[in-house]
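Just so you know, all these numbers are worked out from the coordinates, no wet-lab data involved. On a predicted model such as this, the values are computed, not experimentally measured, just so you know. Cβ sites come from the backbone with ideal geometry, for glycine too, and all protein chains shown count toward neighbours.
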Amino acid sequence: MKISVVLLLSVFLPVIKGQAFRWGPWGPCPEPAVQSKFTLCRFFGKWYEIEKLPGFFETGKCTEVSYSLRADRTIAVTLKEYPPREGVPYYTEGTAVVQDANQTAKLGVTFTPSNPYRPYWVLSTDYTTSAVLYSCIDILRIFHVEYAWILGRGRSLPEQTVNASKEILLGSNTDVSRMTWTNQEGC
């Protein structure tokens, strides 16, 4: 068993470096409540990343994400960010789909066509000010890797809005102590 765990770590550790992952009794991903009566078209448009759980794929500043409907009824998810130091912004485009017509806030997203859709859930939004998104990847039901984002329609949010967003994440047993602020200055 020890060899299996060591082998598992050697494969996944480079991918999960800096991620919020949990071992042992936490096991598989939780199932947090999502926004009820979510209206996808009201969610479309540009959002700015205010805080996040660290992700190996997001290391820049001035991070923004835009959602729009494509002709094929999938959702374009366009991420734009600048390198941590000066430089030209880079863009990444992914695809999101509604995975359950009865729970439209439970999206699946992929940024590589060969990869499966991963959970990308809207836990809360007022559509005009802020949103809380959550994702979790289950690794063999032994542990899971969590991602979470607090988004705003502007480059900043009042502290009370950020704290209320963290309360939503805490309610789903997400460790918000590891969340990091996204630099939105000088963009």
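Structure above, values below:
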| read-out | value |
| --- | --- |
| Breaking point among (1) without any contact (Cβ under 8 Å) to a residue 24 or more places away in the chain; (2) under 20 Å from Pro28 (Cβ atoms), for Leu140 | (1) |
| Set Gly55, Gly60, Gly45: member being among the small types (Gly, Ala, Ser), on the phi < 0 side of the Ramachandran plot and in contact (Cβ under 8 Å) with a residue 60 or more places away in the chain | Gly55 |
| Sole residue being over 22 Å from Tyr67 (Cα atoms) and either among the aromatic types (Phe, Trp, Tyr) or surrounded by 14 or more Cβ atoms within 10 Å (Cβ to Cβ) (or both), chosen from Arg155, Arg178 | Arg178 |
| Unmet requirement for Tyr67, which otherwise passes all of (1) touching a helix residue (DSSP H, G or I) at 6+ places or on another chain (Cβ under 9 Å); (2) in contact (Cβ under 8 Å) with a residue 40 or more places away in the chain; (3) over 16 Å from Ile137 (Cα atoms) | (2) |
| Top-ranked residue of region 158-170 - restricted to ones that are of a type in the set (A, V, I, L, M, F, W, C) and over 19 Å from Val65 (Cβ atoms), ranked as farthest from the chain's Cα centre (by Cα) | Ala164 |
